[in-house]
Amino acid sequence: MTLKSIVMTTVALCLIGAAHAQIKFNAAADVMNRYVWRGTDFGSSPSIQPTLSLTAGNFEIGYWGALSTMGNYNEVDLYAKYNYKGFSIMATDYFFPVSGTPAVKSQRYFNWSDETTGHAIEGALGYKNLDVMPFSFLAGVFVYGADKDAVGDNRYSTYLEATYTHTFGENTIDLFAGATLDEGMYGTSAGVINAGVTVYRNIKLTDNFTLPVKASVITNPQSSNIYFLFGFTL
């Protein structure tokens, strides 16, 4: 199956789901002091992270982005997701646009050639159902595009993560650990590259407005780094 047929099939499934379910739109944004993804800091500055999505029954399709306030990092990700009883299957297209007219092929959004594209497509499986158990899991692998080694072969960079969630009072806490299986985009060898804790809390500011906030301490044992994150959702 070609990439074009995969994309068309995913869109068709979402449209079929939308035809038989109530459609809901969501627009939101996280404002964070840093953008840290799977143990790596991107942008080295405060980050605005918008979401625009459409949900129809068990299907969801949308865009997620990250924009560095220093202007040195920009990310726009298209994703499609199907959820069923806590299980999820997701395809995500990661892309990093530049300002102005792209000078090289890898910076052009509509270039989908496997050899020169800047897109990197990941397939992922997950499970999260806190009514059943406090543990959730994620496994993702890059299957197409810009995840290449020095000779141009796909590295199939893989990420595995387990999370334990606990609620106490008005707070929710996540304890998480993520690892990669081999040398690739996440690190130089197999090992843990993302471990830490995130605490969530909803702060009531008025009778009609509650502000969700979160704080994280994240470590990357492979790169010997640590990050302290804080942000809120609008």
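The values are calculated or read from the model by the stated rules, or taken from the named source; none is laboratory data. As the structure is a computational prediction, the values presented were derived from the model and not from experiment. Note: ideal-geometry Cβ built from the backbone for every residue, glycine included; neighbour counts use all protein chains shown.
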When segment 100-152 is examined, which residues are found to be aliphatic (A, V, I, L, M), within 19 Å of V76 (Cα to Cα) and under 17 Å from the mean Cα position of the chain (by Cα)? A120, I121, A124, V141, V143, A146
List every residue pair whose Cβ atoms lie under 7 Å apart, where the two residues are 6 or more positions apart in sequence or sit on different chains, the first residue falls within segment 57-77 and is under 17 Å from Y94 (Cα atoms) and touching a residue at least 12 places away in the same chain (Cβ under 8 Å), and the second residue, located anywhere, is among the β-branched types (V, I, T) and surrounded by fewer than 17 Cβ atoms within 10 Å (Cβ to Cβ). G62/T51; Y63/V76; W64/T51; G65/V76; L67/I48
Under the condition of being in contact with a Ser or Thr (Cβ under 9 Å, 6 or more places away or on another chain) and acidic (D, E), which residue from segment 144-178 is nearest to D131 (Cα to Cα)? D174
Looking at segment 214-234, I want the residues that are free of Cβ contacts under 8 Å to residues at least 24 places away in the same chain and farther than 21 Å from P50 by Cα and have a partner that is hydrophobic (A, V, I, L, M, F, W, C) and surrounded by 14 or more Cβ atoms within 10 Å (Cβ to Cβ) with Cβ atoms under 8 Å, at least 6 apart or on another chain. Which pairs are those? V217/V197; V217/L229; I226/I218
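Could you please let me know if F135 is on the phi < 0 side of the Ramachandran plot and surrounded by 16 or more Cβ atoms within 10 Å (Cβ to Cβ)? Step through it out loud before you land on a result.
On the way: on the phi < 0 side of the Ramachandran plot: yes; surrounded by 16 or more Cβ atoms within 10 Å (Cβ to Cβ): no.
No, not satisfied.
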Would you point out the residue of segment 156-172, among those that are touching a Lys or Arg at 6+ places or on another chain (Cβ under 8 Å) and surrounded by fewer than 16 Cβ atoms within 10 Å (Cβ to Cβ), that is modelled with the highest pLDDT? N171
Are there any pairs, at least 6 apart or on different chains, whose C-beta atoms fall under 9 Å, with the first in segment 101-124 and modelled with pLDDT of 95 or more and the second part of a loop (DSSP other than H, G, I, E, B) and of a type in the set (D, E), and if so, which? A120/D147; I121/D147; E122/D147
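So in segment 62-77, with the set limited to residues that are among the hydrophobic types (A, V, I, L, M, F, W, C) and not in a loop (DSSP other than H, G, I, E, B), which one is farthest from A146 (Cα to Cα)?
To start, the set of residues in segment 62-77 that are among the hydrophobic types (A, V, I, L, M, F, W, C) comprises 64, 66-67, 70, 76.
Narrowing further to those that are not in a loop (DSSP other than H, G, I, E, B): 64, 66-67, 76.
Numbers: W64: 19, A66: 19, L67: 20, V76: 15 Å.
Applying the filter and picking the extreme gives L67.
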Which residue, of T69, T51, is at pLDDT below 95 and either under 15 Å from L234 (Cα atoms) or in contact with a Pro (Cβ under 6 Å, 6 or more places away or on another chain) (or both)? T69
The number of residues in segment 14-38 that are modelled with pLDDT under 90 and either surrounded by 13 or more Cβ atoms within 10 Å (Cβ to Cβ) or touching a Lys or Arg at 6+ places or on another chain (Cβ under 7 Å) (or both) is 5
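Considering each residue of segment 85-106, count those that are part of a loop (DSSP other than H, G, I, E, B) and either touching a Leu at 6+ places or on another chain (Cβ under 9 Å) or crowded, with 17+ Cβ neighbours inside 10 Å (or both), and give that number.
The first filter runs over segment 85-106 and keeps only residues part of a loop (DSSP other than H, G, I, E, B), leaving 85-86, 95-104.
Retained after the next criterion (residues that are either touching a Leu at 6+ places or on another chain (Cβ under 9 Å) or crowded, with 17+ Cβ neighbours inside 10 Å (or both)): 86, 95-96.
Going through segment 85-106 one residue at a time, the tally reaches 3.
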